[in-house]
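Engineer: One structure, as structure tokens, below. Some questions next.
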Amino acid sequence: MSVWCVLLAAGQGSRSGLDGNKVFFRWRGRSVLSRCLDVLSDAEIYDGIVLVLSERDMSDYRALAEREGACPLVRRVVFGGASRRESGYNGLCALPEDVEIVSVHDAARPFVTPEIIRATVEDARRYGSGVISTPVVDTIKRIDPATRQVTTPDRAQLRAVQTPQSFNYARLMQAHERARREGLNVTDDAMVYEHAYGSVHLSDAPGAERNVKLTLPEDFRRLRAQKRPAMRIGTGYDAHRLAQGRRLVLCGVDVPHDRGLDGHSDADVAVHALMDALLGALGEGDIGRHFPDSDARYKGISSMLLLEQVMEIVRARGYRVLNADVTIVAQRPKLALYIVQMRENLAAVLGVDVECANVKATTTERMGFEGAQEGISAQAVALLEKTEEEA
Ligand code: MG
């Protein structure tokens, strides 16, 4: 006799405000569906899982299994029906004959725990059914749709019901057959079971109050806000060739010299390294992706203007700069006279105090391309901190 789970993921999820099926929503690099399957596996109680999906989500599911790893417990995938009851029934019909206990779980509840699962399965063995539930915290009103009369049921007598819901398989199947014959409209399997047998057994387990169903846009916004790291760090490196007839611009300062740096923009190598550090911290690739050389708009442009655009991305992603540190590697010219102005330029655009925008210069004691004065390189590091809201 085996124990199986029917995992329901065929819902429309139209209240979520997301583009696709909410079970594919990725949080900290792993989808809601994979997180659910992880917990079902961790419970170490199931012989198999039947996944109920809608047909149009099959290709997304295959892509997900490829990317996040297929759960070996998923033995069958079946398509959902026109209603919650029919989807559940399709899943039950796909179970093997020797099933003793079946759990039905909603894939939009990824915060379920092995303890909750085991509690419902144990109760199903003992009482025929085990439905996880929690005390109600809100005061509930009942409204009579005809008279608009409002009454208040005693909160101590109310329970909020979730999934997993576990049942004796034969009994649940019989209840479903009856519900189908009668065209019963239900919101969960507990109602199907109650309709046939008069009641269900309500299970208790620690953590049930956190076993929430991801439903509304707000639920996903909260997850997104959680997933953003509080701090992010990035590094940048760039090098440009020295050429005749070019200005030498470093951190927005025109530095007098017999040659300047060659490049598509003003070739401000220090600001390029800094922009890459900022974009790197955000996981936004590099400046080549945001300001391609092939784009005529950026020809000869001041890199300080590009830095302003990068800072717009930083703010739009809900971050601010804590500090930045830039190292310019050049044999000549001497840069000491210009460092203060460079720091002030950067601080103004980064939105930090001057003490948090450091610039330093070094030589390489005549070694390498910087030492031979073929070019100048720069390195940068930037630290970002999360602000309140994603714009
Ligand atoms: Mg560059």
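The values are calculated or read from the model by the stated rules, or taken from the named source; none is laboratory data. Not measured: the values here are computed from a predicted model. Backbone-built Cβ (ideal geometry, glycine too); neighbour counts: all protein chains shown. When the accessible area is computed, the model is the full protein with side chains, heavy atoms only, and any ligands, DNA or RNA have been set aside. Shrake-Rupley method; radii C 1.70, N 1.55, O 1.52, S 1.80 Å.
Engineer: Quick check on segment 222-249: of everything there that is hydrophobic (A, V, I, L, M, F, W, C) and within 23 Å of Arg320 (Cα to Cα), which residue is modelled with the lowest pLDDT?
Structural biologist: Selected residue: Ala225.
Engineer: Test each condition in (1) without any contact (Cβ under 8 Å) to a residue 60 or more places away in the chain; (2) open to solvent by 60 Å² or more (accessible area, probe 1.4 Å) for Val50 and report the one that comes out false.
Structural biologist: All conditions are met except number (2).
Engineer: Would you check which residues across segment 167-189 are touching a Gly at 6+ places or on another chain (Cβ under 7 Å) and of a type in the set (Asp, Glu) and list them?
Structural biologist: Asp189, the sole residue that qualifies.
Engineer: Now a separate question. Working only within segment 276-304, note down all residues that are within 14 Å of the ligand (Cβ to nearest atom), assigned to a helix (DSSP H, G or I) and either open to solvent by 40 Å² or more (accessible area, probe 1.4 Å) or free of Cβ contacts under 8 Å to residues at least 40 places away in the same chain (or both).
Structural biologist: Ile287, Gly288, Arg289, His290, Tyr298
Engineer: Which of the residues that make up segment 184-232 are in a loop (DSSP other than H, G, I, E, B), in contact with a strand residue (DSSP E or B) (Cβ under 8 Å, 6 or more places away or on another chain) and surrounded by 17 or more Cβ atoms within 10 Å (Cβ to Cβ)?
Structural biologist: Asp188, Val200, His201, Ala205, Asn211
Engineer: If we scan segment 128-142, do we find a residue that is open to solvent by 30 Å² or more (accessible area, probe 1.4 Å) and more than 29 Å from Leu223 (Cα to Cα)?
Structural biologist: The answer is yes; a qualifying residue exists.
Engineer: From the list Asp266, Asp258, exactly one residue is over 16 Å from the mean Cα position of the chain (by Cα), within 15 Å of the ligand (Cβ to nearest atom) and not polar (S, T, N, Q). Which is it?
Structural biologist: Asp266
Engineer: State which residue is farthest from Leu248 (Cα to Cα) when the search covers only segment 305-327 and only residues that are open to solvent by less than 10 Å² (accessible area, probe 1.4 Å) and not hydrophobic (A, V, I, L, M, F, W, C).
Structural biologist: Once the filter is applied, the top-ranked residue is Gly318.
Engineer: When you scan segment 209-221, do you find a residue that is under 24 Å from the mean Cα position of the chain (by Cα) and under 30 Å from Ile287 (Cα atoms), even just one?
Structural biologist: Within segment 209-221, one or more residues are under 24 Å from the mean Cα position of the chain (by Cα) and under 30 Å from Ile287 (Cα atoms).
Okay, residues lined up against (1) surrounded by fewer than 18 Cβ atoms within 10 Å (Cβ to Cβ); (2) not in a loop (DSSP other than H, G, I, E, B):
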residue	(1), (2)
Ser59	yes, yes
Ala63	yes, yes
Arg85	no, yes
Gly88	no, yes
Ser103	no, yes
Ala108	no, no
Val112	no, no
Arg118	no, yes
Asp123	no, yes
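Engineer: Pairs, please: C-beta under 8 Å, at least 6 apart or cross-chain, first residue at positive phi and in segment 99-125, second of a type in the set (Ser, Thr, Tyr) and open to solvent by less than 10 Å² (accessible area, probe 1.4 Å)?
Structural biologist: none
The rows are residues; the columns are (1) farther than 26 Å from Met231 by Cα; (2) outside any strand (DSSP E or B).
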site	(1), (2)
Gln309	no, yes
Ala324	no, no
Thr327	no, no
Gln331	yes, yes
Glu344	no, yes
Phe369	yes, yes
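Engineer: Scan (1) farther than 30 Å from Pro114 by Cα; (2) of a type outside the set (Gly, Ala, Ser); (3) surrounded by 15 or more Cβ atoms within 10 Å (Cβ to Cβ) for the single condition Thr235 breaks and write down its number.
Structural biologist: If we test Thr235 against (1) farther than 30 Å from Pro114 by Cα; (2) of a type outside the set (Gly, Ala, Ser); (3) surrounded by 15 or more Cβ atoms within 10 Å (Cβ to Cβ), just (3) comes out false.
Engineer: Here's a follow-up. So which residues in segment 245-275 are crowded, with 20+ Cβ neighbours inside 10 Å, within 19 Å of Arg343 (Cβ to Cβ) and not aliphatic (A, V, I, L, M)?
Structural biologist: Hits for segment 245-275 are Cys251, Gly252, Asp266, Asp268, His272.
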